[in-house]
1. Would you pick out the residues in region 308-348 that are surrounded by 15 or more Cβ atoms within 10 Å (Cβ to Cβ) and small (Gly, Ala, Ser)?
2. Does residue 7 count as modelled with pLDDT under 95 and in contact with a Leu (Cβ under 8 Å, 6 or more places away or on another chain)?
3. Criterion first (under 14 Å from the mean Cα position of the chain (by Cα) and either closer than 22 Å to residue 185 by Cβ or at pLDDT below 95 (or both)) does residue 81 satisfy it?
4. Within region 40-63, identify whether any single residue is crowded, with 18+ Cβ neighbours inside 10 Å, closer than 30 Å to residue 182 by Cβ and small (Gly, Ala, Ser), and answer yes or no.
5. Pick from 275, 223: which is within 25 Å of residue 138 (Cα to Cα), of a type in the set (A, V, I, L, M) and in contact (Cβ under 8 Å) with a residue 24 or more places away in the chain?
6. Here are 245, 231, 286, 250: which of them is buried (at least 24 other Cβ atoms within 10 Å of the Cβ), out of contact with any Cys (no Cβ under 6 Å at 6 or more places or on another chain) and closer than 27 Å to residue 139 by Cα?
7. In region 93-115, how many residues are closer than 21 Å to residue 332 by Cα and aromatic (Phe, Trp, Tyr)?
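The values are calculated or read from the model by the stated rules, or taken from the named source; none is laboratory data. Bear in mind that the values here come from a model prediction, so they are computed numbers and not experimental data. So basically every Cβ, Gly included, is an ideal-geometry build from the backbone, and we count neighbours across all protein chains shown.
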Amino acid sequence: MLTPSDKALVPFVSVDHMMKLIHHIGLEDMLGGLAAYIEADFKRWESFDKTPRVASHSDKGVIELMPTSDGADYGFKYVNGHPSNTKDGLQTVTAFGLLADVASGYPVLLTEMTLLTALRTAATSALVARLLAPKGAHVMAMIGNGAQSEFQSLAMKAIAGVDEVRLYDIDPAATAKCARNLAGSGLKVVPCDSAEEAMLGAQIITTCTADKQYATILTDNMVGSGVHINAIGGDCPGKTELAPAILHRAGIFVEFPEQTRIEGEIQQLDPHHPVTEIWQVLTGQAQGRSDDRQITLFDSVGFAIEDFSALRFVRDRIEGTDFYLPLDLLADPDDPRDLFGMLQRARG
């Protein structure tokens with residue numbers, strides 16, 4: 001048996017390794033660390049290749065590739081979204097990702113990203129809420145209590161100063177699950193019987209539902225002035241959560257307009273409806289919240305730079321640890337021009 005050389009080995013972070021890494025760092029500290037990497041990369045937004053994700057749609061869901069590069073590193077994520085999977089005991093979203101060195105084209109990290117996507121999505125939400133939510137916001141309504149809800153709640157606590165979450169889901173079992181998982185987190189957790197009840201006193205409203213359809217989770221009369229809406233459930237064509245009238249009343253903030261106009265809440269609007277890009281707010285090139293009564297809306301669909309940031313974070317944090325496996329992924333013949341010879345020598 002041929003022993004692979006160092007050049008053949010790529011660090012691989014399994015689900016088990018990722019869970020151990022999260023607990024090693026601490027969940028809230030990891031959310032904060034991811035937010036810091038995302039903020040740093042958004043502040044150098046113009047240095048990145050940017051393209052809407054490549055999507056393959058079916059009547060059951062979507063499979064997507066999300067690539068980007070800053071010229072030094074290249075990253076991509078494979079991710080699916082299949083809302084009906086839970087009926088078969090499967091995750092709605094699964095993902096894995098790769099980071100590579102642009103100079104050589106060699107991968108430097110392969111990792112699970114199902115957990116990591118949940119973490120980076122929550123970190124991005126909380127980073128933006130810290131920018132846009134009304135001053136002193138500390139209560140969040142969490143509408144949709146599926147796999148993302150606990151991550152959103154804890155990120156808002158760690159990064160945006162939330163100390164109370166009010167939970168609602170059309171499935172009471174999902175709300176009970178979320179409340180149980182958040183017990184002992186330091187958050188005041190209030191299970192609610194309706195979306196309207198969940199929104200009582202909330203300055204931040206997060207919607208995160210899964211059905212792949214035009215839906216109205218929030219109607220216009222449910223949303224008063226001065227709130228921040230974190231809309232993360234609408235993330236593909238034909239899938240929305242907010243009544244169009246809310247969009248017309250709100251200042252809308254997005255990651256990458258070319259993608260969000262296809263996949264986000266603003267797919268319901270005229271293609272030239274004005275929006276503000278989050279990177280411009282972070283760099284001071286655009287205004288965030290304009291006054292205490294403004295409704296701000298983060299129309300979040302997720303963008304490849306956020307995954308790139310998460311991949312960089314994991315690469316940096318696993319160095320010198322046991323939270324990865326050296327994976328024999330790359331061929332490394334003695335003579336780079338003699339790949340066939342390497343194959344023949346393996347015959348033994």
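1. Listed by number, the residues that qualify are 309, 310.
2. Working: modelled with pLDDT under 95: yes; in contact with a Leu (Cβ under 8 Å, 6 or more places away or on another chain): yes.
So residue 7 passes the test.
3. Working: under 14 Å from the mean Cα position of the chain (by Cα): yes; either closer than 22 Å to residue 185 by Cβ or at pLDDT below 95 (or both): yes.
Answer is yes for this residue.
4. Within region 40-63 (the criterion being crowded, with 18+ Cβ neighbours inside 10 Å, closer than 30 Å to residue 182 by Cβ and small (Gly, Ala, Ser)), the answer is yes, since at least one residue qualifies.
5. Numbers: 275 fails: within 25 Å of residue 138 (Cα to Cα).
Going through 275, 223 in turn, the sole match is 223.
6. Working: 245 fails: buried (at least 24 other Cβ atoms within 10 Å of the Cβ); 286 fails: buried (at least 24 other Cβ atoms within 10 Å of the Cβ); 250 fails: buried (at least 24 other Cβ atoms within 10 Å of the Cβ).
Step by step, each of 245, 231, 286, 250 is checked, and only 231 is buried (at least 24 other Cβ atoms within 10 Å of the Cβ), out of contact with any Cys (no Cβ under 6 Å at 6 or more places or on another chain) and closer than 27 Å to residue 139 by Cα.
7. So the count comes out to 1.
Per-residue answers, yes or no, for (1) in the same structural domain as residue 190 (by TED's automatic domain parsing); (2) of a type in the set (D, E, K, R):
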{"site": "88", "(1), (2)": "no, yes"}
{"site": "97", "(1), (2)": "no, no"}
{"site": "101", "(1), (2)": "no, yes"}
{"site": "110", "(1), (2)": "no, no"}
{"site": "131", "(1), (2)": "yes, no"}
{"site": "142", "(1), (2)": "yes, no"}
